[in-house]
1. Looking only at region 188-217, count how many residues are touching a helix residue (DSSP H, G or I) at 6+ places or on another chain (Cβ under 9 Å) and assigned to a helix (DSSP H, G or I).
2. Tell me, yes or no, whether region 61-80 has at least one residue that is in contact with a Cys (Cβ under 9 Å, 6 or more places away or on another chain) and either within 16 Å of the ligand (Cβ to nearest atom) or modelled with pLDDT of 90 or more (or both).
3. Residue under question is Leu180, and the condition is that it be at pLDDT below 95 and in contact with a strand residue (DSSP E or B) (Cβ under 9 Å, 6 or more places away or on another chain); does it hold?
4. Kindly check whether there is at least one residue in region 51-60 that is part of a helix (DSSP H, G or I), without any contact (Cβ under 8 Å) to a residue 40 or more places away in the chain and either within 12 Å of the ligand (Cβ to nearest atom) or not hydrophobic (A, V, I, L, M, F, W, C) (or both).
5. Just wondering, is there one or more residues in region 223-240 that are of a type outside the set (Val, Ile, Thr) and free of Cβ contacts under 8 Å to residues at least 12 places away in the same chain?
6. Would you mind stating whether Asp91 is at pLDDT 95 or above, in a loop (DSSP other than H, G, I, E, B) and not hydroxyl-bearing (Ser, Thr, Tyr)?
7. Only one residue in Arg186, Arg150, Arg191, Arg169 is more than 28 Å from Lys63 (Cβ to Cβ) and not small (Gly, Ala, Ser). Which one?
8. Can Cys46 be described as at pLDDT 95 or above, within 14 Å of Ser233 (Cα to Cα) and within 16 Å of the ligand (Cβ to nearest atom)?
Amino acid sequence: MSAFDRPVDTDSSGPGFSGHGDGSVAEYPRPPRREFKARGSFVTRCEACQLPVMNCLCPYQVKAESHAQVWLLTHPLEHFKPTNTGRLIRDVLTTTQVFTWYRMAPDACLLALLEDPRYAPFLIFPDDQADYADRVVGLEAVEEAKSQARIPVFIILDGTWRQARRMFRRSVYLDKLPILPLHTERETRYRLRKPASKAHLCTAEVAIELLRQGGDIAAADRLDDYFDVFNDSYAASRLHHKIDPPTAAMRRLSAQRDVALTEE
Ligand SMILES: [Zn+2]
């Protein structure tokens, strides 16, 4: 067992997840900041990216612009897991918004944004149940939003699959949103938690494929490279190994960063 982290996070439940109750604020008090330090307290972490300094992600953080935006509705237990990939989206796409999911106390800012006509929000969720089939839309709805000069927004439920289903079923304020399922042949490359199936993509991978299918190819490619660097760096850190020489994704991001710096 490494001092850095558990070897593999399972996809079933987070630390302290009791599996009962209704998910109200009282049951999920906001955890203290950086509570995970307890697990990795023997490792010096970068203050900015939280990875061990040896494999710091920061040199590879290159911003990208996209037509579509990603808003994350993050389960309270997911926020503070260092293996969470939702934060990678925000690192690359500065328009990304992150909200904490509480069933009984929806975020007021999110509620206001859902009513804002500048945005066309889509709730990303599988289309495998009959009872909400009338809300399911396809990518043409994203194109239509763009043609109306509205900003497509992909709202991703950021948690384990079980948490995401719970968030979907228990959030009345999401009930009127169109549902956009992600159809992709991509198999997950995420190495830090064990997926129940290769078809179960992690949060960053879902965003990457949505951006790609929605026409934001350059942003998707850059986020994909950043995801690969995170994935590789985190996995190597569990073995106390420094990645050297740089991977192909690292080299591409370094080159893009150099270009961005000279343009400033
Ligand atoms: Zn860093």
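1. 11
2. Looking through region 61-80, at least one residue is in contact with a Cys (Cβ under 9 Å, 6 or more places away or on another chain) and either within 16 Å of the ligand (Cβ to nearest atom) or modelled with pLDDT of 90 or more (or both).
3. Working: at pLDDT below 95: no; in contact with a strand residue (DSSP E or B) (Cβ under 9 Å, 6 or more places away or on another chain): yes.
No; evaluated as a whole, the condition is false for this residue.
4. Within region 51-60 (the criterion being part of a helix (DSSP H, G or I), without any contact (Cβ under 8 Å) to a residue 40 or more places away in the chain and either within 12 Å of the ligand (Cβ to nearest atom) or not hydrophobic (A, V, I, L, M, F, W, C) (or both)), the answer is yes, since at least one residue qualifies.
5. Checking region 223-240: not a single residue is of a type outside the set (Val, Ile, Thr) and free of Cβ contacts under 8 Å to residues at least 12 places away in the same chain.
6. Working: at pLDDT 95 or above: yes; in a loop (DSSP other than H, G, I, E, B): no; not hydroxyl-bearing (Ser, Thr, Tyr): yes.
Against the criterion (at pLDDT 95 or above, in a loop (DSSP other than H, G, I, E, B) and not hydroxyl-bearing (Ser, Thr, Tyr)), Asp91 does not qualify.
7. Numbers: Arg186 fails: more than 28 Å from Lys63 (Cβ to Cβ); Arg150 fails: more than 28 Å from Lys63 (Cβ to Cβ); Arg191 fails: more than 28 Å from Lys63 (Cβ to Cβ).
It is Arg169.
8. Answer is no for this residue.
The values are calculated or read from the model by the stated rules, or taken from the named source; none is laboratory data. Remember, it's a predicted structure, so these values are computed and weren't measured experimentally. Note that each Cβ is placed from the backbone with ideal geometry, even for glycine, and that neighbours are counted across all protein chains shown.
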